[in-house]
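Peer 1: Before anything else, here's the structure in question.
Read the figures in this text as sums done on the coordinates, not as results from a lab. Keep in mind that what you see is a predicted model, and the values were worked out from it rather than measured. Note that each Cβ is placed from the backbone with ideal geometry, even for glycine, and that neighbours are counted across all protein chains shown.
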Amino acid sequence: MKAALEIELFGDDTRQYCKLWKNIMNEGMLGLGDVTIGTMPSLSWVAEITGKDQKYKYARKFLKGKKDYSRANSKGSRGIFMEYLLESEHYYEVSAQISWKNIDRYFCTVDNEGNIVRIDEAELPKEVERPVFKQLNAGRNIYYAALGMTISNPSTPQQRQIVLRNMAFNYDKVQKCLMMMMEKLSENDIIKSLKAKRFTVASTLDMIYIGCWTEMDRALTMYNCCADIIKTKKLTHEIILEGVQRWLKSRLESTSSWQRDSE
């Protein structure tokens, strides 16, 4: 049995505006828009719970919906709805923005009569697979969907070089996103977010920095996927936090030394 779930998309006009400029900048220089603008995420979404995840607790498959503009206002900031199709015997997590400041977040499923039923987290299945990165076994070869390539076991020198280049690209992207946020956000906000492993700034900040954090997290995930393949050390939020704290400390010591010399 299937059921339709409808959620309003607040501020969709701003997201489309950011997307337009990101594409324009990417056409001028590949990747420039991704780093400087990133992706402005919607606070409203629906994800199917597909398993367990050590980092995020649950592995999720975010659903694609169908937009309805029939009730939109002239700006497109309100009245745009996204319709999602849910199925029975599946479990979902929903984040539904119900006002500019409030979000309704819950788990649900579809009963045999086609009704969407809210459930407690304790009612989710206990034993499910954990498909974080899909791997399709083909003899001694493994297909990594995150990279879009098949790697033999053990990997060849050419394959290892491809993986290392991918790691270097994503490491550089993590650094650029982090430095961009550190230019505008307070040191306390950056440290607090890295400790929480999510963007925790609660002020009315330009959404570009939420998108920048999302891009950094995506690059971090890709880096660690590659690290898994070649069995090397992963890059974690804790390691990034240690680097940021060392950099802040060295900057403070340099400033103090300059002040003493100038006296």
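Peer 1: Cut-off 18 Å, label point 7 angstrom out along Cα-to-Cβ of Glu238: give me the residues of segment 152-193 whose amide nitrogen falls inside.
Peer 2: Flagged as within label range: 191-193.
Peer 1: Now, a different point. Quick one: order Ser42, Ser74, Ser193, Ser186 by neighbouring beta-carbon count within 10 Å, fewest to most.
Peer 2: Fewest-to-most ranking of Ser42, Ser74, Ser193, Ser186: Ser74, Ser186, Ser42, Ser193.
Peer 1: Related question: Once you place label points 7 Å from the Cα toward the Cβ at Gln175 and Gln54, how far apart are they in nm?
Peer 2: According to this spin-label approximation, the distance is 2.7 nm.
Peer 1: Right, something else. Near Lys67, within a Cβ-to-Cβ distance under 9 Å, what is the net charge of the other residues, with Lys and Arg +1 and Asp and Glu -1?
Peer 2: -2
Peer 1: Right, something else. Compute the distance in nm between two label points, each set 7 Å from the Cα along the Cα-to-Cβ direction, one at Leu164 and one at Lys249.
Peer 2: According to this spin-label approximation, the distance is 3.1 nm.
Peer 1: Let me ask something else. How far apart, in nm, are two points set 7 Å out from the Cα along the Cα-to-Cβ line at Ile230 and at Thr156?
Peer 2: With each label placed 7 Å out from Cα toward Cβ, I get 1.7 nm.
Peer 1: With 10 angstrom as the radius, rank Trp247, Trp100, Trp45, Trp213 by how many other C-beta atoms surround their C-beta, starting from the fewest.
Peer 2: Ranking Trp247, Trp100, Trp45, Trp213 by Cβ neighbours within 10 Å, fewest first, gives Trp100, Trp247, Trp45, Trp213.
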